[in-house]
Amino acid sequence: MSNEQKLSAAQQAEWQLQWETIARGVVEIVPEEEMKAKLAKSIVSGQPLNIKLGLDPTAPDIHIGHTVVLHKLRQFQQFGHRVQLLIGDFTGRIGDPTGKSETRKQLTEEDVQRNAETYRKQIFKILDPERTEVVFNSAWLSKLNFAEVVQLAAKVTVARMLERDDFSKRYSTNQPISIHEFFYPLMQGYDSVALDSDVELGGTDQKFNLLMGRTLQKEYGQAQQVTIMTPLLEGLDGVQKMSKSLGNYIGIDEEPNQMYGKAMSIPDELMLKYFELATSIGNQELNEMKSGWDAGTLHPRDLKMKLAWTIVAMYHGETAADEAQNYFKTVFQQRALPTDIEELELTTAQVEESGGLRLAQLLVTLGLQQSTSEARRSIQQGAVKVNEQKMDDANAVLEVYDGAIVQVGKRKIAKIRVI
């Protein structure tokens, strides 16, 4: 008799809720039947599952795209399961070769520890720290002796490693592959052995590494983990995956007005996907939204404002979300400038330089753009205004004075103060 068949009516309802929530918005569960069985066994025994997520601390600033898998972890936590958040301080010194056409530069221990601390601070904006066990894989990987490393390497063939797409491409094009790169998936898989994980989560680009955990657990005589793969979230352009390098992201540490304004630029066709993957909204409310959207009874503007409010509220609280929404309505819906525009200071020396400042350089000096090349692109796209007049010449030398209003796009507005 299967575990599902042993469930009482109340337990069956709980199992159904857990399964539907956990399966929501994922790309693949390998294998599904084992996941269902593990949930049923947990409900019958009262023993929570160990849910693993490995993070190599190589890029410490988290954006909304990174939170897709964190929200899935949070769902497990809400059902009482234990999250094993593994910071790969040891594997991070190698760097995951996934998607790379060449060997990654190894990080120093100081780099890894600094980035790991940033991760820890940011992830608890989503995860419940009381139900999260933070572990570092140096605790076991650094203690393996050479004989044990050889035994680990003997459990997987080179042919199996070359099944991995990025390795096979590099091999076929005579690009170098260092031996130590083969150890990355081995170490990630061994992490699951060390933690005796029941489930491991990751993005679709991590499939090879996730399945390695199942392989090694079987080799070491453990019950095999289930792997759950979450999708990659498209960015604000609606095409490329969310990425800081592409500028199509919403950072979870951004200030509320900027976060709200960015969310309002999410393409209409992606709104429900963002609700599903990047918020903690419940299944019933999500299904009601989908029904309203399909029936045409839900206005896109209203849904987008709800999404923007929800995202801000998750990271800054409901009061900040209300204020950001009111700010957006005042500035962008009513076409009025706010009364509390941030003042940015310029020194007299900066203003007098060359009789003024070139527009592109002014935007960088004020901190409204990160580089002159970014500023020039914004100007060429018609996104820059000075005193509500659209500017189209990046080389224009402006007479800068106290009280001048500079705008970049819909979200960045500043009043100049000369000191």
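In table form, for the structure just shown:
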{"quantity": "Residue satisfying condition, being in contact (Cβ under 8 Å) with a residue 40 or more places away in the chain, assigned to a helix (DSSP H, G or I) and either basic (Lys, Arg) or on the phi > 0 side of the Ramachandran plot (or both), within set 114, 120", "calculated": "114"}
{"quantity": "The one condition in (1) exposed (fewer than 15 other Cβ atoms within 10 Å of the Cβ); (2) of a type in the set (Val, Ile, Thr); (3) closer than 30 Å to residue 77 by Cβ that residue 179 fails to fulfil", "calculated": "(3)"}
{"quantity": "Candidate set from segment 243-263 (those that are modelled with pLDDT of 90 or more and of a type in the set (A, V, I, L, M, F, W, C)); member that is nearest to residue 294 (Cα to Cα)", "calculated": "263"}
{"quantity": "Every residue from segment 331-368 that is modelled with pLDDT of 80 or more and not in a helix (DSSP H, G or I)", "calculated": "358, 366, 367, 368"}
{"quantity": "Any hit, segment 215-237, residues being modelled with pLDDT under 90 and farther than 30 Å from residue 134 by Cα", "calculated": "yes"}
{"quantity": "Residue selected from segment 375-393 under the condition under 12 Å from residue 362 (Cα atoms) and either under 29 Å from the mean Cα position of the chain (by Cα) or free of Cβ contacts under 8 Å to residues at least 12 places away in the same chain (or both), by the criterion surrounded by the most Cβ atoms within 10 Å (Cβ to Cβ)", "calculated": "375"}
{"quantity": "Enumeration of residues in segment 369-384 that are assigned to a helix (DSSP H, G or I) and not hydrophobic (A, V, I, L, M, F, W, C)", "calculated": "372, 373, 374, 376, 377, 378, 380"}
{"quantity": "In segment 172-191, residue farthest from residue 56 (Cα to Cα) [restricted to those that are of a type in the set (S, T, N, Q) and either assigned to a helix (DSSP H, G or I) or outside the structural domain of residue 23 (by TED's automatic domain parsing) (or both)]", "calculated": "172"}
{"quantity": "Meets criteria (closer than 23 Å to residue 263 by Cα, surrounded by fewer than 19 Cβ atoms within 10 Å (Cβ to Cβ) and modelled with pLDDT of 85 or more) for residue 320", "calculated": "yes"}
{"quantity": "Yes/no for residue 162 being modelled with pLDDT of 90 or more, among the aliphatic types (A, V, I, L, M) and surrounded by 14 or more Cβ atoms within 10 Å (Cβ to Cβ)", "calculated": "no"}
{"quantity": "Selection status of residue 244, of a type outside the set (Gly, Ala, Ser), surrounded by fewer than 21 Cβ atoms within 10 Å (Cβ to Cβ) and in the same structural domain as residue 63 (by TED's automatic domain parsing)", "calculated": "no"}
{"quantity": "Residue 221 being out of contact with any strand residue (DSSP E or B) (no Cβ under 6 Å at 6 or more places or on another chain), surrounded by fewer than 22 Cβ atoms within 10 Å (Cβ to Cβ) and more than 25 Å from residue 88 (Cα to Cα)", "calculated": "no"}
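Yes or no, residue by residue, for (1) of a type in the set (Asp, Glu); (2) more than 21 Å from residue 153 (Cβ to Cβ); (3) not assigned by TED's automatic domain parsing to the domain that holds residue 317:
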| residue | (1), (2), (3) |
| --- | --- |
| 195 | no, no, yes |
| 202 | no, yes, yes |
| 236 | no, yes, yes |
| 250 | no, yes, yes |
| 281 | no, yes, no |
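Residues are listed down the side, and each one gets a yes or a no for (1) touching a His at 6+ places or on another chain (Cβ under 6 Å); (2) at pLDDT below 95; (3) of a type outside the set (Lys, Arg); (4) closer than 30 Å to residue 270 by Cα:
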| site | (1), (2), (3), (4) |
| --- | --- |
| 5 | no, yes, yes, no |
| 8 | no, yes, yes, no |
| 31 | no, no, yes, yes |
| 36 | no, no, no, yes |
| 89 | no, yes, yes, no |
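The values are calculated or read from the model by the stated rules, or taken from the named source; none is laboratory data. Keep in mind the model is a prediction, meaning the values are calculated, not measured. Every residue, glycine as well, gets a Cβ built from its backbone with ideal geometry; the counts of neighbours run over all protein chains shown.
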